[in-house]
Each structure stands twice: as structure tokens, then as C-alpha cells.
Amino acid sequence: MKKLIVVLLMLGLTACSEKDIRQTIEIINESAEEVPLTRAEVAAALRDSLSRGISKAAIIASANDGYYANPALKIEFPSDAQKVEKTLRKIGLGREVDRFVRQLNRGAESAATKAKPIFIKAITSMSIHDAFAILNGRQDAATQYLIRTIGDDLFDQFLPVVSDSLQQVNATRYYGEIVTRYNQLPVRKVNPDLDEYATDRAIAGLFLLVAEEEANIRANPRARTTQLLRRVFGSLD
């Protein structure tokens with residue numbers, strides 16, 4: 001601020017050229033940026049970036065093939081039951097397996113349409129205690145913080161949503177048919193929890209997209225579409 005006053009006094013004693021004006025504006029901007037960020041500002045910006053991230057993630061993931069056609073998000077056959085998939089493909093039931101995997105992802109895509117309010121509620125309760133540590137952390141630091149702090153609660157809230165979606169697209173029924181066919185063979189019986197598996201993978205996919213948007217806001221000034229985002233994340237440039 002003292003620097004700004006001195007410059008203004010100097011300009012008052014001399015003729016102001018266009019260059020002088022530009023330089024003065026730059027100094028004013030620099031002075032404004034020198035105002036220390038508060039924890040409340042940082043926390044608000046992080047919440048905003050995460051909210052924008054989940055909004056974008058929900059749109060991407062809930063689109064047709066949002067999970068199914070995205071290698072990074074696609075939900076494959078449950079790992080505990082991969083031997084089921086291999087065995088059924090060997091006996092000519094690959095078509096049924098493919099149908100199940102497709103509908104499994106359709107269930108996740110359907111659930112993603114209802115994910116936003118659940119995630120937003122969790123994001124707004126984010127603590128400001130570690131605000132600066134998160135801001136100065138890795139590109140996905142805010143996302144990882146959210147996973148650590150509200151991951152279990154989020155799972156519990158999202159589980160019934162995914163379960164309903166899987167039933168609506170018949171993924172649960174197809175899986176039951178597959179497991180029944182498999183258990184008729186002379187093999188060890190299996191019956192992993194499909195709802196929990198699908199919920200875990202659906203949330204992981206959404207968080208992956210949220211992390212990508214967080215990294216974009218951190219790295220790309222054009223992605224900072226509000227003054228608060230520009231001020232807070234601009235401090236990292």
C-alpha cells in the first residue's frame with residue numbers, strides 16, 4: 001500500500017503518459033494481490049472448484065456410455081468373480097457376460113444423474129482447517145482430502161442410489177442369472193456383493209473426473225471463471 005501511495009504522488013507531480021498509467025495500473029493490481037489470502041477464502045475456492053468438478057463429472061458420467069465407453073471409468077466384471085467370467089466365456093456364455101457388463105455400467109451412468117446433490121452436501125461441509133495445505137498440495141489434493149474425510153459417508157448415501165439404478169437396468173437380474181449358471185457347474189460357489197462393488201467403482205469414477213477438473217482449475221487460468229477462483233488459484237502461478 002505504501003508503494004502505491006508513493007507512485008500516485010509521483011504521478012501527481014509529473015505529466016502522466018500512457019505508459020505511466022499502464023504501469024500504475026499494474027502496481028495497483030500487484031498491491032491488491034499482496035493482500036494475504038484468508039483461510040475462509042481458500043476453503044471457499046476449494047469448495048467451489050470441487051462443486052464445479054462434480055457438476056461436470058455428473059454430466060460426463062451420466063451420459064450414454066459415460067462409463068461404458070471410457071476406459072478410465074468402465075466398470076469391469078467384479079474382481080472376486082473374474083473366474084466366473086472366464087469360465088462362462090469358455091462354455092460359450094460370453095454374450096451374457098457382455099450384456100451384464102454393459103448394464104452394470106448403465107446402472108452407474110443412471111446413478112450419476114443423482115450424484116450431484118449427495119456430493120455437493122459433502123463438499124459444503126468441508127473443513128477449512130487444512131485449507132492452505134490443500135491449496136499448496138498436489139493437483140488433486142482437494143479431491144483426495146474429500147475422499148479421506150467423507151468417503152465412507154458418501155458410500156453409504158450413494159449405495160441405495162446405485163442399487164436402485166442396477167435394478168432398473170436389470171443388471172442385478174443379469175448378474176443373478178450369470179452366478180446361478182456358474183454355480184451349477186462343479187466349481188466353488190461365488191456370490192460377491194454386486195451393489196457394494198458397483199457403488200465403489202461408480203464413486204471412484206466420479207472422483208477421478210472431479211480430480212481432473214481440480215487439476216484443470218489449478219493449471220489453467222481460463223478455467224478459473226470467478227474472481228475468487230482467480231485470486232486463490234492465481235496465487236499458485
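The values are calculated or read from the model by the stated rules, or taken from the named source; none is laboratory data. As the structure is a computational prediction, the values presented were derived from the model and not from experiment. Counting neighbours? That spans all protein chains shown, and the Cβs are built from the backbone with ideal geometry, glycine included.
Structure data summary
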| read-out | value |
| --- | --- |
| Subset of segment 188-220 [free of Cβ contacts under 8 Å to residues at least 24 places away in the same chain and among the small types (Gly, Ala, Ser)] | Ala204 |
| Residue match in segment 17-24 (condition: farther than 30 Å from Leu208 by Cα, at pLDDT 50 or above and either within 37 Å of the chain's Cα centre (by Cα) or assigned to a loop (DSSP other than H, G, I, E, B) (or both)) | yes |
| Qualifying residues in segment 168-182 (those that are in contact (Cβ under 8 Å) with a residue 12 or more places away in the chain and not β-branched (Val, Ile, Thr)) - the one surrounded by the most Cβ atoms within 10 Å (Cβ to Cβ) | Ala171 |
| Any chance Phe155 is under 15 Å from Phe207 (Cα atoms), among the aromatic types (Phe, Trp, Tyr) and surrounded by fewer than 19 Cβ atoms within 10 Å (Cβ to Cβ) | yes |
| Filtered residues of segment 221-237 (kept if assigned to a helix (DSSP H, G or I) and touching a residue at least 12 places away in the same chain (Cβ under 8 Å)) | Pro221, Leu228, Leu229, Arg231, Val232, Phe233, Gly234 |
| Neighbours by Cβ (under 6 Å, 6+ apart or cross-chain): first from segment 93-110, among the hydrophobic types (A, V, I, L, M, F, W, C); second at pLDDT 90 or above | Leu104/Ile75; Leu104/Ala171; Ala108/Tyr67; Ala108/Ile75; Ala108/Ala202 |
| Matching residues, segment 175-190, being under 37 Å from the mean Cα position of the chain (by Cα), over 14 Å from Glu85 (Cβ atoms) and at pLDDT below 80 | Lys189 |
| Conditions (1) assigned to a loop (DSSP other than H, G, I, E, B); (2) free of Cβ contacts under 8 Å to residues at least 12 places away in the same chain; (3) closer than 19 Å to Gly94 by Cα; (4) not small (Gly, Ala, Ser): number failed by Leu185 | (2) |
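Every residue, every condition in (1) part of a helix (DSSP H, G or I); (2) polar (S, T, N, Q); (3) assigned by TED's automatic domain parsing to the domain that holds Thr199; (4) under 30 Å from Ala81 (Cα atoms), yes or no:
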{"position": "Val101", "(1), (2), (3), (4)": "yes, no, yes, yes"}
{"position": "Leu104", "(1), (2), (3), (4)": "yes, no, yes, yes"}
{"position": "Phe119", "(1), (2), (3), (4)": "yes, no, yes, yes"}
{"position": "Phe132", "(1), (2), (3), (4)": "yes, no, yes, no"}
{"position": "Gly137", "(1), (2), (3), (4)": "no, no, yes, no"}
{"position": "Val161", "(1), (2), (3), (4)": "yes, no, yes, yes"}
{"position": "Asp164", "(1), (2), (3), (4)": "yes, no, yes, yes"}
{"position": "Arg173", "(1), (2), (3), (4)": "yes, no, yes, yes"}
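This table checks each residue for (1) β-branched (Val, Ile, Thr); (2) in contact with a strand residue (DSSP E or B) (Cβ under 8 Å, 6 or more places away or on another chain); (3) over 28 Å from Leu88 (Cα atoms).
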{"residue": "Leu154", "(1), (2), (3)": "no, no, yes"}
{"residue": "Phe158", "(1), (2), (3)": "no, no, yes"}
{"residue": "Asp164", "(1), (2), (3)": "no, no, no"}
{"residue": "Thr180", "(1), (2), (3)": "yes, no, no"}
{"residue": "Glu212", "(1), (2), (3)": "no, no, yes"}
{"residue": "Ala219", "(1), (2), (3)": "no, no, yes"}
{"residue": "Ala223", "(1), (2), (3)": "no, no, yes"}
